[in-house]
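To start, the structure itself, in structure tokens.
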Amino acid sequence: MATELPAGEPAVPSLVDRYFTRWYKTDVKGKPCEDHCILQHSNRICVITLAGSHPVLQSGKTIKSISYQISTNCSRLQNKVSGKFKRGAQFLTEFAPLCKIYCSDGEEYTISSCVRGRLMEVNENILHEPSILQEKPSTEGYIAVVLPKFEESKSITEGLLTQKQYEEVVLKRADATTATS
């Protein structure tokens, strides 16, 4: 049973909040509201997840299936990484597709890497239980783990938004939506 914190006591930060920096890419590939979140660890590993404003995470959406089969010749599930130098890892550009999410309403969403680097792993758990993608998007429902090149690890955040900038974008969208209705 959870205990209530006394008024004024700060909440204990989650594991993600404590060890990762959140970066955001909004309107990926020009598609409105298709926002991705990149959780960057101090060791430069990046965990690709969906941002809270992504249409898949909005109420009423049901995920029918998720596929890491990008094309007839390319499946992210075939990624086999081994050794200290991560041999066999697929190299991704920032626009490289990671997976496709198919919703029961017929909508299809392609999730992109958003960062350049080597694909370390994909989350096979979401294939069997797609609901965790919606229930726990920044923990067990992550999409993939990408390792940027060491020399590029500082520059990968260029073009990405901070948490505060992302919240401002989401607020502007909400204001624009209410102004047009």
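Please give the FRET efficiency for LYS80 paired with THR139, using the beta carbon to beta carbon distance and R0 = 30 Å, rounded to the nearest 0.05. Taking R0 as 30 Å, the efficiency between LYS80 and THR139 is 0.75. Please list, in order, the residues from segment 58-85 whose amide nitrogen is less than 20 Å from a point placed 7 Å along the Cα→Cβ vector of GLU108. Residues 61-78 qualify, since their backbone N sits under 20 Å from the label point. Take the residue pairs LYS149/LYS172; LYS80/LYS172; LYS86/LYS172; LYS31/LYS84; LYS25/LYS86; LYS61/LYS149 and return only those whose Cα atoms are more than 32 Å apart. As for pairs spanning more than 32 Å Cα to Cα, those are LYS149/LYS172; LYS80/LYS172; LYS86/LYS172; LYS31/LYS84; LYS61/LYS149.
Surface exposure of the chain, expressed per residue as accessible area with a 1.4 Å probe, stands at 59 Å². With only Cα atoms counted, segment 40-105 has Rg and Dmax values of 14.8, 44 Å. Can you tell me how segment 96-181 classifies by the Cα gyration tensor, rounded, prolate or oblate, using a/c under 1.5 as the rounded cut? Verdict is oblate for segment 96-181.
Compute the relative contact order of the chain as a whole-number percentage, counting only Cα pairs closer than 8 Å that sit 6 or more residues apart in sequence. The normalised contact order for the chain reaches 21 percent. Were the residues from HIS41 through ASN73 laid out at 0.36 nm apart, the gain over their Cα-Cα distance would be 8.4 nm. Computed from the Cβ-Cβ distance with R0 of 41 Å, the FRET efficiency linking ALA11 to PHE91 stands at 0.55.
Expressed as a whole percent, the accessible surface of the chain that belongs to carbon and sulfur atoms is 53, based on a 1.4 Å probe. In terms of overall dimensions, the C-alpha atoms belonging to segment 10-84 reach 50, 43, 24 Å along their principal axes, ordered largest to smallest. Only alpha carbons enter this Debye calculation for segment 1-150, each as an equal point scatterer, and the log10 of I(q)/I(0) it gives at q = 0.15, 0.16, 0.21 Å⁻¹ is -0.79, -0.88, -1.41.
The values are calculated or read from the model by the stated rules, or taken from the named source; none is laboratory data. Because the structure is a prediction, the values reported are computed rather than measured. Every residue, glycine as well, gets a Cβ built from its backbone with ideal geometry; the counts of neighbours run over all protein chains shown. Please note that ligands, DNA and RNA were not included when accessible areas were found on the heavy atoms of the full protein model with its side chains. Shrake-Rupley method; radii C 1.70, N 1.55, O 1.52, S 1.80 Å.
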